[in-house]
Amino acid sequence: MWRAASRFLRTAALLLAALCLLATAPLAAQDRDFLSTDEVEQVRLTQEPNARLMLYNKFAEARILQVEDLLKAEKPGRSARIHDLLEDLVDILDTIDTVADDALMNNMEISAGMQDVAKRHAVMVEKLKKIDQMELSDRARYQFQLQMAIDTVEDSLVLAQEDLAKRKGDVLSKDKQEKAEREALRTPQDVAERKEADMKQAEFDKKTGRSRKAPTLYKPGEKPGEAGAAPAKPK
């Protein structure tokens with residue numbers, strides 16, 4: 001429950017901040033991806049969940065290192081760049097949680113990945129808090145995003161330290177609840193159409209001998225080494 005409330009408040013705060021900055025932010029910035037083209041390709045080539053978690057950890061660490069480098073000298077445009085890096089960091093951290101949850105839902109083993117997350121995120125928290133203690137003339141431009149990054153990495157650290165069996169149960173319970181809520185919104189016609197489609201699919205599978213594919217982290221239509229858009233931001 002606390003996790004859902006925390007995510008909701010953080011999302012609401014981000015939306016409020018986005019509305020406040022809309023008048024001054026360039027429209028092009030709205031389409032900015034939180035991963036570089038090279039990072040997207042690395043993710044696509046990294047199928048195993050533990051390796052993917054570790055890869056995202058490296059991306060997160062890289063963002064913090066870039067922020068630390070920028071803070072060494074005050075230059076024009078520095079605050080905007082720091083803001084964007086911190087915003088990307090939050091998206092990456094949220095994606096780490098999503099990858100872990102998806103893997104647990106698919107009964108994948110992620111102990112090694114979560115140990116790496118816990119270890120690295122503990123260091124990230126300390127680094128971000130040190131940055132937060134710095135008194136800089138341009139910090140107002142990125143202060144909100146910095147606090148968001150601290151809150152997000154702390155939440156992610158708590159989840160990484162949580163018993164995986166308990167976390168899996170929470171994830172499955174949440175998924176079941178969301179499915180029930182979606183089901184409650186469906187009309188009788190929707191239910192009938194879905195039932196008919198499922199029956200047709202089952203009959204087709206039986207005739208063709210088609211079997212269900214093993215769980216995978218690839219997106220629909222995604223293949224190893226295939227170029228494409230960056231992973232969608234978690235909602």
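The values are calculated or read from the model by the stated rules, or taken from the named source; none is laboratory data. Since we're looking at a predicted model, the values are computed, not measured. Neighbour counts run over all protein chains shown; Cβ positions are idealised from the backbone, glycine included.
Taking the stretch 176-193 as the range and being surrounded by 10 or more Cβ atoms within 10 Å (Cβ to Cβ) and either farther than 20 Å from Asp101 by Cα or over 31 Å from the mean Cα position of the chain (by Cα) (or both) as the test, the residues that pass are Glu183, Arg186, Asp190, Val191, Ala192, Glu193. None of Ser137, Ser173, Ser156 is modelled with pLDDT of 90 or more, surrounded by fewer than 17 Cβ atoms within 10 Å (Cβ to Cβ) and either under 20 Å from the mean Cα position of the chain (by Cα) or assigned to a helix (DSSP H, G or I) (or both) except Ser173. Any residue that is in the same structural domain as Glu87 (by TED's automatic domain parsing), in contact with a helix residue (DSSP H, G or I) (Cβ under 9 Å, 6 or more places away or on another chain) and more than 19 Å from Lys58 (Cβ to Cβ) - is there at least one of those in the stretch 118-125? Within the stretch 118-125, not a single residue is in the same structural domain as Glu87 (by TED's automatic domain parsing), in contact with a helix residue (DSSP H, G or I) (Cβ under 9 Å, 6 or more places away or on another chain) and more than 19 Å from Lys58 (Cβ to Cβ). Hey, any hits in the stretch 80-103 for a residue that's assigned to a loop (DSSP other than H, G, I, E, B) and either of a type outside the set (S, T, N, Q) or at pLDDT 95 or above (or both)? No, the stretch 80-103 has no match at all.
Applying the selection to the stretch 141-169, what residues are farther than 20 Å from Asp88 by Cβ and without any contact (Cβ under 8 Å) to a residue 24 or more places away in the chain? Passing the criteria: Val158, Glu162, Asp163, Ala165, Lys166, Gly169. What do you reckon, is Leu104 crowded, with 19+ Cβ neighbours inside 10 Å, hydrophobic (A, V, I, L, M, F, W, C) and in contact (Cβ under 8 Å) with a residue 40 or more places away in the chain? Spelling it out, Leu104 is indeed crowded, with 19+ Cβ neighbours inside 10 Å, hydrophobic (A, V, I, L, M, F, W, C) and in contact (Cβ under 8 Å) with a residue 40 or more places away in the chain.
Taken together, Thr46, Thr37, Thr11 contain a single residue that is among the β-branched types (Val, Ile, Thr) and modelled with pLDDT under 65, which is Thr11.
Looking at the stretch 71-78, can you tell me whether even one residue there is without any contact (Cβ under 8 Å) to a residue 24 or more places away in the chain and either assigned to a helix (DSSP H, G or I) or surrounded by 12 or more Cβ atoms within 10 Å (Cβ to Cβ) (or both)? Taking every residue of the stretch 71-78 in turn, none turns out to be without any contact (Cβ under 8 Å) to a residue 24 or more places away in the chain and either assigned to a helix (DSSP H, G or I) or surrounded by 12 or more Cβ atoms within 10 Å (Cβ to Cβ) (or both).
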